[in-house]
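Take a look at the structure set out below.
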Amino acid sequence: MGNWVENEGLSIFVVLVWLGLNVFLFWWYYLVYDVPPKFFYTRVLLGRALALARAPAACLNFNCMLILLPVCRNLLSFLRGSSACCSTRIRRQLDRNLTFHKMVAWMIALHTAIHTIAHLFNVEWSVQARVEEKGTLAAALSGLGDKPNESYVNFFRQTIANPVGGLYVAFTYLAGITGVVITLALILIITSSTKTIRRSYFEVFWYTHHLFVIFFIGLVIHGAGRIVRGQTAESLAEHNPEICYKNFSHWGKNAACPIPQFAGNPPMTWKWVVGPMFLYLCERLVRFWRSQQKVVITKVVIHPFKTIELQMMKKGFKMEVGQYIFVKCPAVSKLEWHPFTLTSAPEEDYFSIHVRIVGDWTEGLFNACGCDKQEFQEAWKMPKIAVDGPFGTASEDVFSYETVMLVGAGIGVTPFASVLKSVWYKYCHDATNLKLKKIYFYWLCRDTHAFEWFADLLQSLEAQMQERDNAEFLSYNIYLTGWDETQATHFVVHHEEEKDVITGLKQKTLYGRPNWENEFKTIAEKHPGSRVGVFLCGPEGLADTLNKQSISNSEADPRGVHFIFNKENF
């Protein structure tokens with residue numbers, strides 16, 4: 001059970017605490033509005049819908065307080081890099097920031113739906129009470145405020161019947177207008193955040209996500225109209241609603257039951273969100289400041305398989321293995337930032353990214369760098385590039401384990417390029433202090449061209465390990481998943497040659513997909529009693545497979561082998 005918790009994206013403890021706080025807030029605020037005499041007369045007008053609207057509102061405040069924190073990347077990177085406040089287990093939770101961000105977003109959507117539906121009933125009943133025939137308690141309460149020295153409990157002061165009255169509230173009252181605006185903004189943000197939209201129409205996702213500014217502005221002023229009203233403490237001392245409601249026609253005539261007085265609830269949302277909003281504002285200011293620092297493109301390399309490599313330099317830039325940056329190219333788009341894993345090593349005097357050409361923005365970057373031209377491009381003709389980062393990821397922890405499994409799929413191999421380069425540099429100098437003793441590297445590609453840009457690095461590392469008489473340090477398996485054994489029969493004749501005909505490496509290319517169960521069992525047998533780090537940069541389907549294998553092949557005994565699953569998230 002413990003290892004299952006450790007391998008899940010977010011620990012069960014974190015999820016249970018978060019869910020528990022949501023349940024507590026919902027139930028607490030439900031009772032606040034459903035039990036005390038302060039809202040007795042408000043409940044007469046609105047019934048249980050009052051509490052059903054206010055309880056999710058409290059949960060919305062709580063989750064809107066949390067939603068910005070997981071995307072404060074500089075704050076998370078600072079915490080992640082601080083050994084004083086971050087153990088390995090806590091860093092693993094910080095690496096799941098986007099998972100938590102999405103969970104909180106869905107919780108916001110759920111409570112928004114409950115809040116909205118409850119208020120639809122509240123508006124209908126408030127409007128209905130204003131046009132109801134006199135002689136009922138609801139009509140008497142709705143009439144309060146029409147005379148001098150009276151305060152109203154029914155926020156709807158017009159005498160317009162439904163459905164026009166309901167529309168009047170939605171589009172003329174501050175709470176109605178802001179409610180409509182923030183609900184529409186939330187719908188657009190969530191629907192444009194689906195995996196299909198993000199991958200195929202990233203610009204749509206990028207721009208609609210910035211509707212969060214309108215969402216938070218609307219959220220903060222949503223309660224300023226104070227439409228939820230309760231009896232004042234002074235009035236409750238003179239007028240007991242549980243007794244006086246029976247004699248509503250004699251209010252003001254009987255000294256024991258004076259006319260009740262009401263006041264609106266002060267807006268509370270700003271108290272919940274002002275802190276995170278300030279942190280996020282600081283985050284954006286830091287990003288803006290860093291984006292203004294000069295970045296020089298020193299080299300552009302065109303690799304096969306529609307991939308280009310950008311080598312860059314920036315004053316004061318420091319990185320760790322596996323980190324990523326956000327890149328903006330104003331020549332392509334003045335607003336869009338795109339994340340890319342760094343493929344260079346910290347030991348190199350430049351930093352680099354590999355960009356696969358798969359959409360409009362990457363195509364624009366390809367053309368802006370002159371890659372569509374045959375002639376040599378001068379450095380001064382390179383486009384201006386802005387860089388924000390670097391930011392920490394799970395791959396930073398590779399050197400914290402003695403044994404690791406690195407699994408890359410296609411262009412997902414990029415974070416491990418940085419890791420393997422750094423290993424190579426460490427072995428070139430002095431690897432005696434290196435905790436990492438064994439790397440199992442798996443690369444899955446559909447096409448042979450994808451191997452070409454990475455094969456040189458593997459060849460260098462392979463030669464270095466043999467030179468140092470440590471060939472067992474790196475075990476790598478390259479799988480050509482787009483082919484099967486039948487399609488690869490014409491390569492069989494070359495199987496006995498010293499080097500693979502596709503990659504030029506001593507290790508032969510394999511065809512099809514790995515048998516992960518066998519791979520995990522073999523590694524478990526070779527490294528009993530070890531904590532094996534499993535690092536993936538690849539699709540969700542493969543992540544699910546590796547996560548399940550990490551759990552099923554870990555022993556219950558704390559002294560046994562344990563596979564710790566880590567996935568890149570950005």
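The values are calculated or read from the model by the stated rules, or taken from the named source; none is laboratory data. Everything numeric here is computed off the predicted structure, so don't read it as measured data. Reconstructed Cβ throughout: ideal geometry from the backbone, glycine too, with neighbour counts over all protein chains shown. Remember, those area values only see protein heavy atoms, side chains included, never the ligands or the DNA or RNA. Shrake-Rupley method; radii C 1.70, N 1.55, O 1.52, S 1.80 Å.
Can you bin every Cα-Cα distance in segment 189-248 into 10 Å intervals starting at zero and give me the percent of pairs per bin, rounded to whole numbers? So the P(r) values, bin by bin, are 18, 23, 16, 14, 13, 13, 3. Counting only DSSP beta bridges with both residues in the chain, the antiparallel share comes to about 45 percent. Qualifying trypsin sites (Lys or Arg not before Pro) in segment 325-427, where qualification requires a DSSP coil assignment and no more than 13 other C-beta atoms within 10 Å, comprise Lys334, Lys373, Lys384.
Could you tell me the calculated FRET efficiency between Leu335 and Leu31, based on Cβ-Cβ distance and R0 = 41 angstrom, to the nearest 0.05? Plugging the Cβ-Cβ distance into 1/(1 + (r/R0)^6) gives 0.35.
Measuring between alpha carbons in the structure, the pairs from Lys521/Lys548; Lys294/Lys567; Lys421/Lys526 lying more than 21 angstrom apart are Lys294/Lys567; Lys421/Lys526.
Counting only protein heavy atoms and using a 1.4 Å probe, what share of the accessible area of the chain belongs to carbon plus sulfur, as a whole percent?
60
A cut-off of 5 Å between modelled amide H atoms, ignoring neighbours fewer than 5 places along the same chain, links Tyr442 with Leu406, Val407, Gly408, Asn477. Could you work out how far helix 212-221 tilts from the main Cα principal axis of the chain, as a 0 to 90 degree angle to the nearest 10? That works out to roughly 20 degrees. Normalised per residue, the accessible area of the chain is 49 Å², obtained with a 1.4 Å probe and no contribution from ligands, DNA or RNA.
Can you pull a Stokes-Einstein diffusion coefficient for the chain at 20 °C (1.002 mPa s), Rh from Kirkwood over Cα pairs, as a whole number of µm²/s?
77
Based on DSSP H segments of at least four residues, each scored -39500 (n - 2.57), the chain has a per-residue ellipticity at 222 nm of -14500 deg cm²/dmol. Relative contact order of the chain, taken over Cα pairs closer than 8 Å and 6 or more residues apart, is 12 percent. For the pair Asp349 and Glu203, label points projected 7 Å from Cα toward Cβ lie 4.0 nm apart. Taking θ as phi - 60° and the Karplus parameters 6.51, -1.76 and 1.60, the scalar couplings of segment 27-32 work out to 5, 4, 6, 4, 5, 4 Hz in sequence order, x denoting glycine and proline. What separates the Cα centres of segment 273-325 and segment 148-192 is a distance of 43 Å.
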